[in-house]
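Data first, discussion second: the structure below is written as structure tokens.
The values are calculated or read from the model by the stated rules, or taken from the named source; none is laboratory data. Only a predicted model underlies this, so the values are computations on that prediction, with no experimental measurement involved. Neighbour counts are summed over all protein chains in view; Cβ atoms, including those assigned to glycine, are modelled from backbone coordinates with ideal geometry. SASA here: full protein model, heavy atoms, side chains in, ligands and nucleic acids out. Shrake-Rupley method; radii C 1.70, N 1.55, O 1.52, S 1.80 Å.
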Amino acid sequence: MLDTEVSGLLQVLDQGFPPVHLMTGAQARAAVAARRVPVDNLDDVRAAEDRVIDTEDGPLRVRIYHPRGDGGEPLPVIVFFHGGGFVLCDLESHDGFCRRMSKHTRAVVVSVDYRLAPEHRAPAAARDAYAAVRWAARHAAELGGDPNRIVTAGDSAGGNLAAVVCLMARDLGGPPIAAQVLVYPVIEPSFDSDSYRRYATGYFNTRDAMRWYWRQYLGGDTVPEPAHHVAPLRAADHAGLPPAVVVTAGLDPLCDEGRDYAAALARCGVPLVHRHYPGLFHGFLTIAAFGPAVCARDILWADITSILPGATPRKAPA
Amino acid sequence: MNTSDDTPRPETCDVLVVGAGFAGLYAVHRSVAAGFTTIGVEAAPGVGGTWYWNRYPGARCDVESIDYSYSFDAELQDSWVWSERYATQPEIHAYLEHVADRFGLRRHFRFGRRVEGARFDEGSSAWTVTADTGHAYRARFLVLATGSLSAPHRPDIPGAGDFAGEVLFTARWPHENVSFAGKRVGVIGTGSSGIQSIPIIAEEAASLTVFQRSPNYSVPAFNRPLTEEEQVRIRAEYPERRRKSAYSGAGTPHETYPRGAFEIDEAERRAAFEARWREGGVLFGKTFPNQTVDEAVNRLARDFAEAKIRAIVTDRRVADDLVPVDHPIGTKRICTDSGYYETFNRADVTLVNLRREPITAITERGIRTATGSYELDTIVYATGFDAMTGAVTQIDIRGARGSGIGEAWANGPVTYLGMAIPGFPNLFTVNGPGSPSVLANMVLTAEQQVDWLIDLIADCRRRGVTEVEARADAAAKWTEHVSEAAHRTLFPLAGSWYMGANIEGKSRIFMPYIGGFGNYRRICDQVRADGYEGFVLTERKGTEAMTGPTSAVRTTADRPVISLAGKVAIITGAARGQGAAEAELFVRLGATVVITDTNERDGTALAGRLGPSASFRPLDVTDGAAWSRVVAETAAVHGRIDVLVNNAGVWRKAPLEEWTEDELRGMFDVNLLGPILGMRAVAPTMSVTGGSIVNVASTAGIRGHGGALPYASSKWGLRGASRSAAQEYAPRGIRVNCVCPGVVDTPMIDAAALDLSRQPMPRAGTAEEIANMVAFLASDAGAYCTGADFVVDGGATA
Ligand SMILES: Cc1cc2nc3c(=O)[nH]c(=O)nc-3n(C[C@H](O)[C@H](O)[C@H](O)COP(=O)(O)OP(=O)(O)OC[C@H]3O[C@@H](n4cnc5c(N)ncnc54)[C@H](O)[C@@H]3O)c2cc1C
Ligand SMILES: NC(=O)c1ccc[n+]([C@@H]2O[C@H](COP(=O)([O-])OP(=O)(O)OC[C@H]3O[C@@H](n4cnc5c(N)ncnc54)[C@H](OP(=O)(O)O)[C@@H]3O)[C@@H](O)[C@H]2O)c1
């Protein structure tokens, strides 16, 4: 590998990351949270407020980020789902990332504290994600957002939720979603793709960890029905889904499934921008001070901005 | 729609190459061969680049011509004869014209058009390129082969416009003969161009005044014609010489003295310097290891060179002015001259040291300095170039996400591997900043980069990637590495054009990569092996509409089902008949075809007729060593082998008793052993990209053929070999099939003499009809076919 920054960081990550697959959910969560670095970009946004919204399954916590700048036009609303294998992470772990995203895409970001496994099995997380999107669409105006420009976004397991929510919205009667942003998404509990075999260990996210994550989420080895609300590639077809930005990393066991999902979308005529980063690993894009991540984020912000339709003009007063 | 718009509709292509110098010509050649629709745009009215523009007297190369010439085609290399060690501009220009003709490159170029603008449209992943003539182009990929030394530097001297006499630029020399006879000539500039032209101008002019700001080191070329023996030796040694050069420091086979300057005594050292001096030219700068790294070693070389200058120049004060004092030797390009220092011994030549008396103005009648005035009839500017970046930044380039090249390079050029610029997807530079370029033999650097880039573009096509862009951080790191490498040497101590120091206001950063050509090649190869680490590979689908109306770019992906675009095929027995029909069809479908046969005359003629995508190699299929050679050459020239058609075969009908044992063996050797040797020879190369082998058997290999027992047996055997090979090679991505022609009208069989009235289609097939099946199996349309027989016989075996 040419890039010593990448290989150096990989080494540190590999040594430092706890063997979550040998722990309970709570232990793993605590171990990973202990490694968290403090957020250094609090000022990126004008305001961040925590709210609890009502859903069919009970109360759900969200954090809403408002970008700086004068009010004016309604802004896009990005509903964001953090990664962490359906088991780990929370609003805090991705706080810095959400602030950056809000700042650079000039969007209201709604980060969702969906229920985690193994305490809550599939499709609990997906149901929360969908509820959050419906809420955001209904309350867009109140948030200074544009209900015609709702975006779902997420990294890793969050990417799974961002994809699944689009299928749910399509199948279950809305709301309209303008774009989906899937950053090295978790797509399928099958651990034998070429990339799974090549990058099973040594590249931060391991096949063992992925097996364990899925087992926590599924509560076993079977995918509950409807399967595509958990494993989005299983949808009978992917037509009519919102335009997609998909990011994959070359040294990621999940690389192939991300690519396959992108291909499935494109085959069904979904407008697609698929950015592939050879030589990078799962999780790289949210690392704050990491050269390749800074570059990939800049591109991601631009992609989100350009894949969205133009702002809906305000209705002239009658 | 505005149809009255008088700007012409853009021409579209896959790959647009700007420049028709060494780099641009080769880029077009490779791009076409890889099956891309390709357009070249060149400002000059013809090919040649540097060697088109720089026609000043004495212009010649300073890297030996046998090295400073293309290596990609052995036949080109062997057929071209360089008359001198260092060829003159007319000869190099003639060579490039020859190359353009030989490979049919001119038809891809639009000459006399200077590219002024290039804008990337993200929705359709395509560049829109505009020329000063109003012509426009749309291309998915844009290759800037615009030259490192192609944007002339015209110093802004007060009063320059007032001069009433003749003004000439070495880098824009007129085509018609320039006469200096009886003229008082002034030359500004004593770099390589000035130093080459000064002795010749001095010969002819009434008087010559040389305006020197900084003296340079110059080493005599010791140029001379190459002798007959040398020509023979050069040809014998060429493969080895090129192999060595490919991984050398500077693209030539030369090495430094085997021991360090301080490990040997004074006498040996002097002898080593003397020997290098006698070899001539720039190599003197690298006599000893570390000579441009260690000041003490460098000092020794400087002292030696200084003594040489002083031994020639008789006037001591003039010699003082000619000896460089401001830079270690070799840290600016050493000039290569023929009689430069001797010129200053002439009574009609004056050296003006501008450090002592700077130019204050140019007047109607000549040049005025702080202390003097020089009346002139002609002023020659040999003032160099806005090197490395000038030709690129002269174009208004707008990349993705709103980036412009001016801002992107405001603090000096930033590139990844000297080929890609972050923010500018699908745009590549050849011999650009950050690559070895001007520090090495630039013909080989161009070949190496073009090969790498065309592979990258072909990989993109294969993977459906529509956009490839360097990551900003990867480029920043590479650029830092380029700079660090330079700072481990003495090079940054010189105010050279490598540093941008010759252009006012240009940022000072060491631009070429000094880490060595061979090392650089290895790094590039590693990046490719790692799946293009450092790049972002983007696939866009259905996003055109999202960024407004743009005409979509047609790429080769939209071509008909049976396409052989980008594929490299070897066909045996292809000089005539069936094989020739295959070769012709393959070329038409976009393949690069290596025609092989024992019949050299017809094979060469066919290759010539089929144009640049076809070449001929002699091959007797029964000779295993010959197979290895053909495979190695094909892989070396084209980088891959996708298709092998074992077409060669012999036919004879005679009762078995009439065959001698040797005749029997001979038939089996050609018809059965030949294809087996071929499959074995190509498999290692073919398995890199995957591929298809088509063995031409016969319907005689399906039923029997009484009266042609040996023939039928060999074809039965070939079917067995094919099926077995299909099983053996499937895991390596190689398909193997047989085509079984019935009666076909070729020179091998006199079809007219046969009675075909009982055949369902009562006629002989044509060679083309067989070729169609072969092409289908060779193409990706036949992707699911392997280990099978495909009968093309007008129903004869039905
Ligand atoms: C006098 C001289 C002698 C040299 N001798 C040697 C030597 O001995 N050994 C060596 O290795 N190198 C030598 N060099 C360096 C030389 O430039 C390279 O070796 C080589 O010729 C470069 O080839 P190229 O195709 O990269 O660029 P060039 O030959 O410079 O070709 C670039 C072409 O692009 C065209 N172009 C540029 N911008 C545009 C535009 N916007 N639109 C359209 N067309 C455009 C130019 O007109 C030019 O024809 C010499 C240079 C000079 C000036
Ligand atoms: N094969 C060959 O032998 C050959 C021939 C020609 C060119 N080349 C290649 O092309 C490169 C460029 O060569 P080049 O000779 O064309 O350019 P150069 O090396 O940059 O030389 C330009 C000369 O012009 C002088 N100059 C520039 N502006 C001036 C001004 N305003 N007033 C007075 N003097 C001024 C420079 O002086 P300063 O040094 O003080 O700036 C220098 O002496 C070479 O280094 C070589 O790589 C090779």
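Within the range B:96-129, restricting attention to residues that are in contact with a strand residue (DSSP E or B) (Cβ under 7 Å, 6 or more places away or on another chain) and polar (S, T, N, Q), the residue that is farthest from ligand 1 (Cβ to nearest atom) is B:SER125.
Quick one: would you say A:GLY240 is open to solvent by less than 40 Å² (accessible area, probe 1.4 Å), of a type outside the set (Lys, Arg), over 19 Å from the mean Cα position of the chain (by Cα) and within 14 Å of chain B (Cβ to nearest Cβ)?
Numbers: open to solvent by less than 40 Å² (accessible area, probe 1.4 Å): no; of a type outside the set (Lys, Arg): yes; over 19 Å from the mean Cα position of the chain (by Cα): yes; within 14 Å of chain B (Cβ to nearest Cβ): yes.
No, not satisfied.
Could you say whether any residue in the range A:81-97 is away from chain B (no Cβ under 14 Å), closer than 30 Å to A:GLY250 by Cα, free of Cβ contacts under 8 Å to residues at least 60 places away in the same chain and not in a loop (DSSP other than H, G, I, E, B)? Yes, the conditions are met somewhere in the range A:81-97.
So in the range B:504-541, with the set limited to residues that are of a type in the set (S, T, N, Q) and out of contact with any Ser or Thr (no Cβ under 7 Å at 6 or more places or on another chain), which one is farthest from the other protein chains (Cβ to nearest Cβ)? Can you show your working first?
Filtering the range B:504-541 for residues of a type in the set (S, T, N, Q) gives B:507, B:519, B:526, B:538.
Going one step further and asking which of them are out of contact with any Ser or Thr (no Cβ under 7 Å at 6 or more places or on another chain), we end up with B:507, B:519, B:526.
Details: B:SER507: 22, B:ASN519: 12, B:GLN526: 6 Å.
Per the stated criteria, the residue is B:SER507.
Considering each of B:VAL774, B:VAL696 in turn, give the residue that is in contact with a Cys (Cβ under 9 Å, 6 or more places away or on another chain) and touching a residue at least 60 places away in the same chain (Cβ under 8 Å). It is B:VAL696. Restricting attention to the range A:31-45, the residues that are of a type in the set (D, E, K, R) and part of a loop (DSSP other than H, G, I, E, B) total 3. Among the residues of the range B:68-109, those identified as buried (at least 16 other Cβ atoms within 10 Å of the Cβ) and among the basic types (Lys, Arg) are B:ARG85, B:ARG102, B:ARG106. How many residues does the range B:173-188 hold that are within 15 Å of ligand 1 (Cβ to nearest atom) and touching a helix residue (DSSP H, G or I) at 6+ places or on another chain (Cβ under 8 Å)? Of the residues in the range B:173-188, 2 are within 15 Å of ligand 1 (Cβ to nearest atom) and touching a helix residue (DSSP H, G or I) at 6+ places or on another chain (Cβ under 8 Å).
Could you list, in sequence order, the residues of the range B:397-436 that are away from ligand 2 (no atom under 16 Å from the Cβ), polar (S, T, N, Q), crowded, with 23+ Cβ neighbours inside 10 Å and not in a strand (DSSP E or B)? Don't jump to the end; show me each part of the working.
Narrowing the range B:397-436 to residues away from ligand 2 (no atom under 16 Å from the Cβ): B:397-430, B:434.
Checking the rest, the ones that are also polar (S, T, N, Q) come to B:403, B:411, B:415, B:426, B:429.
Within this subset, residues satisfying the condition of being crowded, with 23+ Cβ neighbours inside 10 Å are B:415, B:426, B:429.
Matches in the range B:397-436: B:THR415, B:ASN426.
Scanning the range A:1-35 for residues that are more than 12 Å from A:LEU88 (Cα to Cα), among the β-branched types (Val, Ile, Thr) and in contact (Cβ under 8 Å) with a residue 24 or more places away in the chain turns up just one, A:VAL6.
Restricting to the range B:355-368, and then to whatever is over 11 Å from B:ILE157 (Cβ atoms) and in contact with a Lys or Arg (Cβ under 9 Å, 6 or more places away or on another chain), can you tell me which residue is surrounded by the fewest Cβ atoms within 10 Å (Cβ to Cβ)? Looking at residues that are over 11 Å from B:ILE157 (Cβ atoms) and in contact with a Lys or Arg (Cβ under 9 Å, 6 or more places away or on another chain), I get B:ARG355.
Does the range A:254-270 hold any residues that are within 11 Å of chain B (Cβ to nearest Cβ) and either in contact with a Lys or Arg (Cβ under 7 Å, 6 or more places away or on another chain) or closer than 18 Å to A:PHE191 by Cβ (or both), and which are they? Write out each step before concluding.
Quick first cut of the range A:254-270, residues within 11 Å of chain B (Cβ to nearest Cβ) only: A:255, A:259, A:262-263, A:265-270.
Correct list: A:CYS255, A:ARG259, A:ALA266.
Note on the range B:459-472: residues that are open to solvent by 10 Å² or more (accessible area, probe 1.4 Å) and small (Gly, Ala, Ser) amount to 2.
Taking the range B:39-77 only, how many residues are of a type in the set (Asp, Glu) and within 12 Å of ligand 2 (Cβ to nearest atom)? Can you show your working first?
First, pick out the residues of the range B:39-77 that are of a type in the set (Asp, Glu): B:42, B:62, B:64, B:67, B:73, B:75.
If we keep only those that are within 12 Å of ligand 2 (Cβ to nearest atom) too, we end up with B:62, B:64.
Of the residues in that region, 2 qualify.
Within the span defined as the range B:403-410, every residue fails to be hydroxyl-bearing (Ser, Thr, Tyr) and either within 13 Å of ligand 1 (Cβ to nearest atom) or closer than 25 Å to B:VAL282 by Cβ (or both). Scanning the range B:213-255 for residues being within 16 Å of ligand 2 (Cβ to nearest atom) and farther than 18 Å from B:CYS61 by Cα gives a total of 3. For beta carbons closer than 6 Å, sequence separation of 6+ or different chains, a first residue in the range B:102-119 that is away from ligand 2 (no atom under 16 Å from the Cβ) and a second that is open to solvent by 50 Å² or more (accessible area, probe 1.4 Å) and of a type in the set (S, T, N, Q), the qualifying pairs are B:ARG113/B:THR133; B:GLU116/B:THR130; B:GLY117/B:THR130. Looking at this structure, is B:TYR381 hydroxyl-bearing (Ser, Thr, Tyr) and either closer than 30 Å to B:MET419 by Cβ or open to solvent by 30 Å² or more (accessible area, probe 1.4 Å) (or both)? So B:TYR381 fails the test.
Please indicate, with yes or no, whether at least one residue in the range B:401-415 is at pLDDT 95 or above and within 14 Å of chain A (Cβ to nearest Cβ). Checked against the condition, which is being at pLDDT 95 or above and within 14 Å of chain A (Cβ to nearest Cβ), the range B:401-415 yields at least one hit. Just the residues that are of a type in the set (S, T, N, Q) and either open to solvent by less than 20 Å² (accessible area, probe 1.4 Å) or in contact with a His (Cβ under 7 Å, 6 or more places away or on another chain) (or both), please, taken from the range A:185-215. Scanning the range A:185-215 gives A:SER195, A:ASN205.
Can we say B:LEU149 is hydrophobic (A, V, I, L, M, F, W, C), open to solvent by less than 30 Å² (accessible area, probe 1.4 Å) and either within 12 Å of ligand 2 (Cβ to nearest atom) or not assigned by TED's automatic domain parsing to the domain that holds B:PRO90 (or both)? For B:LEU149, the condition - hydrophobic (A, V, I, L, M, F, W, C), open to solvent by less than 30 Å² (accessible area, probe 1.4 Å) and either within 12 Å of ligand 2 (Cβ to nearest atom) or not assigned by TED's automatic domain parsing to the domain that holds B:PRO90 (or both) - is not met.
The number of residues in the range B:49-90 being near ligand 1 (Cβ under 9 Å from one of its atoms) and aromatic (Phe, Trp, Tyr) comes to 6. Among the residues making up the range B:24-48, those that are within 7 Å of ligand 1 (Cβ to nearest atom), touching a residue at least 60 places away in the same chain (Cβ under 8 Å) and open to solvent by less than 10 Å² (accessible area, probe 1.4 Å) are B:GLY24, B:VAL41, B:ALA44.
Scanning the range B:133-172 for residues that are near ligand 1 (Cβ under 10 Å from one of its atoms) and more than 16 Å from B:THR393 (Cβ to Cβ) turns up B:THR170, B:ALA171. Scanning the range B:257-301 for residues that are open to solvent by less than 20 Å² (accessible area, probe 1.4 Å), touching a residue at least 60 places away in the same chain (Cβ under 8 Å) and part of a loop (DSSP other than H, G, I, E, B) gives a single hit, B:GLY280. The residue list B:LYS477, B:LYS541 contains one member that is touching a strand residue (DSSP E or B) at 6+ places or on another chain (Cβ under 9 Å), among the charged types (D, E, K, R) and modelled with pLDDT of 95 or more, which is B:LYS477.
Considering only residues that are within 14 Å of another protein chain (Cβ to nearest Cβ), in a helix (DSSP H, G or I) and touching a Ser or Thr at 6+ places or on another chain (Cβ under 7 Å), which ones fall in the range B:444-484? B:ALA475, B:TRP478, B:THR479, listed by residue number.
Of the listed requirements (1) within 16 Å of ligand 1 (Cβ to nearest atom); (2) surrounded by fewer than 14 Cβ atoms within 10 Å (Cβ to Cβ), B:LYS332 misses just one: (2).
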